[in-house]
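Data block below; observations after.
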Amino acid sequence: MKDNHNGTLQKPIHSGFDANSTTHDVIRGIDLSGKTAIVTGGYAGIGLETVKTLVRAGTTVIVPARDIQKAANNLKGIQNVTVEAMDLMTPASIDSFAKRFLALGCALDLLINNAGIMWVPLQRDKRGYESQLATNHLGHFQLTARLWPALKKANGGRVVNVSSFGHQMAPFNFDDPNFLTREYETLQGYGQSKTANNLFTVELDRRAKTFGVRAFSVHPGSVNGTDLGRVAPMALFQQMGTHDETGNIKPEVAAKLKTVEQGAATSVWCATSPNLNGMGGVYCENTDVAELDNGNIEHNYGEPLSLRGVKPYSLDADLARKLWTLTEDLTGVSFPVA
């Protein structure tokens, strides 16, 4: 029942898997019959692959979706999946979805907070909050809080927050998280939202483990075949050296990207692996617990597998508690974990 405050558990456990492992590898031999899961963003990219994998293992899956028609089309033909309306940038929509789920009276075994946006121009929700923060962190905090009664019922529930190596782009800016007084920089916005995912995971796990609920954060890796970066300026990719002057991804980079099945593997592993029983709060990548990055890891965007490691500031105990309090204030949602 150890927690990962300040990275005390943040070291590989030699899971037997690696960056090439797929969802098929990590789910082999695991029976999830009778389990219930919610997967946000579960109708595209690694979210869709996560849903397919959980269903194959026997799970009943609910997919809350902003675009109901797209979700229905992408999930067509997959058994034991229900699509429900929800928009992470609209608090009333989150509350409505959670209320409908709680009315079912069932336990929630797995909550996979997978949905996210990346590298978008400055946009704000109706509260004036920056969209990457609102979608990637605030919305998922509110959803987790509202679903807490069902998570407690699960007797071993898990929460998986899909973070990113992008947390290394920025710590959380407590002075101006919504870019009200500083110039907007999309990478800073994305980075702090992913740092928030990690800090939320650490503090949620510390509070929730008493009730048998454990939390994990995940870096999927650099994955081919998703639409996450669809609105990002091409200049950003060119600046990182992944695309050429005509806007095409360099063949040598594309060859090193993960498939969707490989990208979703760490989420599925964190949600289901018995090797993680009794621990939580850890940041995982390449289907193992990640190494702490104290400046000892060299990163090269042209070498996707070098984009690894977790920054200590995103596991800091004091910052995790501070973010929890700030998030309750920003959302107006009390989450006592009781």
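The values are calculated or read from the model by the stated rules, or taken from the named source; none is laboratory data. None of these values were measured; they are calculated from a predicted model. Don't worry about glycine lacking a Cβ; one is built from the backbone with ideal geometry, like all the others, and counts go over all protein chains shown. Just the protein is used for accessible areas: all its heavy atoms, side chains included, with ligands, DNA and RNA removed. Shrake-Rupley method; radii C 1.70, N 1.55, O 1.52, S 1.80 Å.
Could you tell me how many of the residues in the stretch 92-114 are open to solvent by less than 40 Å² (accessible area, probe 1.4 Å) and assigned to a loop (DSSP other than H, G, I, E, B)? Before you say what the answer is, go through the steps one by one.
The initial filter retains those residues of the stretch 92-114 that are open to solvent by less than 40 Å² (accessible area, probe 1.4 Å), namely 93-94, 97-98, 101, 107-114.
If we keep only those that are assigned to a loop (DSSP other than H, G, I, E, B) as well, we get 107-109, 114.
Of the residues in the stretch 92-114, 4 are open to solvent by less than 40 Å² (accessible area, probe 1.4 Å) and assigned to a loop (DSSP other than H, G, I, E, B).
Assessment of the stretch 79-88 against the conditions (open to solvent by less than 50 Å² (accessible area, probe 1.4 Å), in contact with an Asp or Glu (Cβ under 6 Å, 6 or more places away or on another chain) and of a type outside the set (A, V, I, L, M, F, W, C)) yields no matching residue.
Among the residues of the stretch 120-157, those identified as open to solvent by 20 Å² or more (accessible area, probe 1.4 Å), of a type outside the set (A, V, I, L, M) and outside any helix (DSSP H, G or I) are 121, 123, 124, 126, 127, 128, 129, 153, 155, 156. Looking at the stretch 98-111, can you tell me whether even one residue there is of a type outside the set (Lys, Arg) and under 16 Å from residue 178 (Cβ atoms)? Within the stretch 98-111 (the criterion being of a type outside the set (Lys, Arg) and under 16 Å from residue 178 (Cβ atoms)), the answer is no, since none of the residues qualifies.
Surrounded by fewer than 22 Cβ atoms within 10 Å (Cβ to Cβ) and under 27 Å from residue 208 (Cα atoms): does that describe residue 55? Spell out how you get there, then give the answer.
Working: surrounded by fewer than 22 Cβ atoms within 10 Å (Cβ to Cβ): yes; under 27 Å from residue 208 (Cα atoms): yes.
Yes: the conditions hold for residue 55.
Close Cβ contacts (under 7 Å, 6 or more residues apart or on different chains) running from residues in the stretch 323-338 that are without any contact (Cβ under 8 Å) to a residue 24 or more places away in the chain and over 17 Å from residue 173 (Cβ atoms) to residues that are assigned to a loop (DSSP other than H, G, I, E, B) and open to solvent by 70 Å² or more (accessible area, probe 1.4 Å) comprise 328/334.
Each residue in the stretch 163-222 was checked for being touching a helix residue (DSSP H, G or I) at 6+ places or on another chain (Cβ under 6 Å), surrounded by fewer than 21 Cβ atoms within 10 Å (Cβ to Cβ), free of Cβ contacts under 8 Å to residues at least 40 places away in the same chain and part of a helix (DSSP H, G or I), and 1 of them qualify.
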